[in-house]
Amino acid sequence: MNDWFAARRQRMLRLKVRREGERPFTPRLSAAAPVFEQCPRCKAAVTRAHWEKNRLVCPECGFHRPVGAYRRLSMVLDPGTFQELDSDLAAGDPLGFPGYGEKLAGLRRRTGLREAAVAAKGRIGGLPVVVAVLDSRFLMGSMGVAVGEKIARAAETAEKARLPLVIFCASGGARMQEGILSLMQMGKTAAAVTRFREKGGLYIAYLTHPTTGGVTASFAMLGDITLAEPEALIGFAGPRVIEQTIGEKLPAGFQRAEYLQEHGFVDAVVPRDEMRDTLAKLLRLHQKGGVRRDAE
């Protein structure tokens, strides 16, 4: 019975976010919740209110904590413009993988998400756009069939409506519980994004921590413009795996956003407090370039 009430409460919160557009999905804090939360990097004790005010960025060292998909959308989209796409699309259990169904059910209760990706139409700085966000709280943002389908449909929606496409990437790679069906999403998402770009669409990839595996090897690195949050880990295999494979110590900062910018893989490292303004500026520049975009 408790699970039923918890699930109902999560559904009501999701509906509230979709209806109002500007509010993030944030579970209500209990009376016993701590007033302070420690920064994972510098260990500073920061009040929860300060974390919230600072967009989950440590005021002492600038560490960027993970942001949920609905919260990310509330930060970037103009208030009241959020229109979720394919909200009911969710993973099945195509291989009958042991314990997978129970794990998915538990994650849906805890996060309020149907899947590791959320896509929406909205406006940034008054300009219409399609935005998709991967959420690392849901199986590390791994790309299964439903995630791949959501990303592909977001690109197709942007293509049909002639709107720019922004994808916030955060993933541990392919979803092992869905086997080869998960790996197939690499080709599908890359093809959808490529078709969109070939039709003249603007695709902005925004890489957050971590962006790895099959997501990096597909749509994450196909942006016309590639942005990244500070110190985000970006790559295919992790640095420890690479070191074990080549038998050598990697350079300092290898696979971090700043290193990739220095070596030409990332166009700019953009802190979270500059995220919305940067995207709005890029969208305005694109519009001034004479490319027509429809509002609907």
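The values are calculated or read from the model by the stated rules, or taken from the named source; none is laboratory data. Nothing here was measured: the structure is a model prediction, and the numbers come from that model. In this analysis, Cβ positions are derived from the backbone assuming ideal geometry, glycine residues included, and neighbour counts consider all displayed protein chains. Side chains included, ligands, DNA and RNA excluded: accessible areas come from the protein's heavy atoms. Shrake-Rupley method; radii C 1.70, N 1.55, O 1.52, S 1.80 Å.
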(message) On the basis of being open to solvent by less than 10 Å² (accessible area, probe 1.4 Å), touching a Pro at 6+ places or on another chain (Cβ under 8 Å) and not basic (Lys, Arg), does Ala152 make the cut?
(response) no
(request) Quick one: in the stretch 216-247, of everything that is closer than 17 Å to Leu202 by Cα and part of a helix (DSSP H, G or I), which residue is farthest from the chain's Cα centre (by Cα)? (result) Met221
(message) Pairs please, first residue from the stretch 112-135 and open to solvent by 10 Å² or more (accessible area, probe 1.4 Å), second anywhere and in a strand (DSSP E or B), Cβ atoms under 6 Å, 6+ apart in sequence or on different chains.
(response) Lys121/Gln83; Lys121/Val130
(request) Filter the stretch 190-201 for residues that are under 19 Å from the mean Cα position of the chain (by Cα) and more than 19 Å from Phe265 (Cβ to Cβ) and give the result. (result) Ala192
(message) Return the residues of the stretch 210-225 that are in contact with a Leu (Cβ under 7 Å, 6 or more places away or on another chain) and either surrounded by fewer than 22 Cβ atoms within 10 Å (Cβ to Cβ) or more than 17 Å from Ser136 (Cα to Cα) (or both); say none if nothing qualifies.
(response) Asp224, Ile225
(message) So if I check each of Ala220, Ala205, Ala158, which one is touching a Cys at 6+ places or on another chain (Cβ under 7 Å), among the hydrophobic types (A, V, I, L, M, F, W, C) and under 21 Å from Leu285 (Cβ atoms)?
(response) Ala205
(message) Cβ-Cβ distance below 6 Å, separation of 6 or more or different chains: which pairs start in the stretch 236-248 with a residue that is closer than 17 Å to Leu260 by Cα and end on one that is surrounded by 10 or more Cβ atoms within 10 Å (Cβ to Cβ) and not hydrophobic (A, V, I, L, M, F, W, C)?
(response) Phe236/Thr216; Pro239/Gln255
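Can you go through Gly187, Gly106, Gly179 and tell me which one is surrounded by fewer than 21 Cβ atoms within 10 Å (Cβ to Cβ), on the phi > 0 side of the Ramachandran plot, assigned to a helix (DSSP H, G or I) and at pLDDT 95 or above?
Unique residue meeting the criteria: Gly179.
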